[in-house]
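Working notes, beginning with the structure itself.
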Ligand SMILES: Cc1cc2nc3c(=O)[nH]c(=O)nc-3n(C[C@H](O)[C@H](O)[C@H](O)COP(=O)(O)O)c2cc1C
């Protein structure tokens, strides 16, 4: 898949790429993704993020077991009974569901994982998350720019203790996302979202924001 350089184009085509080829990804590209990660905003510039790069099939498989268990117990049934989100047809939602199932089965086969972690202390809160997810998004955008696919995943947290033990995280460190990274089987394309007018208010809560047309 071609690389991209226009920032807005990258943003609008960075969608969840769940079908990945097992072909190896050069370390040089992983370095570029990680450098984009640590360029992100973070509270007080304390840089308490830590990133675990995992290629070891045994570790990935050990975590995938919990990722799949969470699908079977929680996520699969929820998908089956949910309506499509704003801006998405039922057919596209069903396609997404199939892709989610595919990633569940093949999570460990992505050639590289980046596990985004934080030295977050005993009581992590919203400030903690706010200091790691900008880095996660930067990495997703960088991967897209380099022609690599990924998806922000957090489902392993439904079995947090077991998954983090399998990842070998020390005390005082928690995982916030696992990014499976690889060359995508499919094409990048535009994300689908609902209209701005339904989620943006102007001056007062509930007053739809109207975009000036020039
Ligand atoms: C907090 C969070 C957790 C997510 N966890 C998962 C996950 O565990 N597995 C997965 O396949 N996708 C996961 N996603 C991806 C979302 O499903 C995806 O961003 C959403 O469906 C929009 O997809 P699109 O960007 O391709 O349009 C997660 C996204 C976020 C922001």
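Please treat every number below as a calculation from the coordinates, not as lab data. Treat the numbers as computed from the prediction; the structure is a model and nothing was measured. Here the Cβ positions follow ideal geometry from the backbone for every residue, glycine too, while neighbour counts run over all protein chains shown.
Note on the stretch 73-114: Cα Rg divided by 2.2 N^0.38 Å, N the number of residues, gives 1.34.
Once the Cβ-Cβ distance of residue 126 and residue 173 is raised to the sixth power relative to R0 = 22 Å, the FRET efficiency obtained is 0.75.
In terms of overall dimensions, the chain has a Cα radius of gyration and Dmax of 18.1, 56 angstrom. Say we join alpha carbon atoms closer than 10 Å with springs in a Gaussian network model of the chain; which of 44, 147, 121 then has the biggest fluctuation? Greatest mean-square fluctuation among the candidates belongs to 44.
Taking the inverse of the mean reciprocal distance over all distinct Cα pairs, the Kirkwood hydrodynamic radius of the stretch 14-133 comes to 16.8 Å. Hey, for a label at residue 162 modelled as a point 7 Å past Cα toward Cβ, could you say which residues of the stretch 79-106 have their backbone N under 18 Å away? Those under the cut-off are 104-106. As a proxy for reagent exposure, ranking 12, 174 by other Cβ atoms within 10 Å from fewest up yields 12, 174. Subtracting the Cα-Cα distance of residue 213 and residue 53 from their residue separation scaled by 0.36 nm leaves 53.0 nm.
With Cα atoms defining each centre, the stretch 21-63 and the stretch 77-107 are spaced 26 Å apart in the structure.
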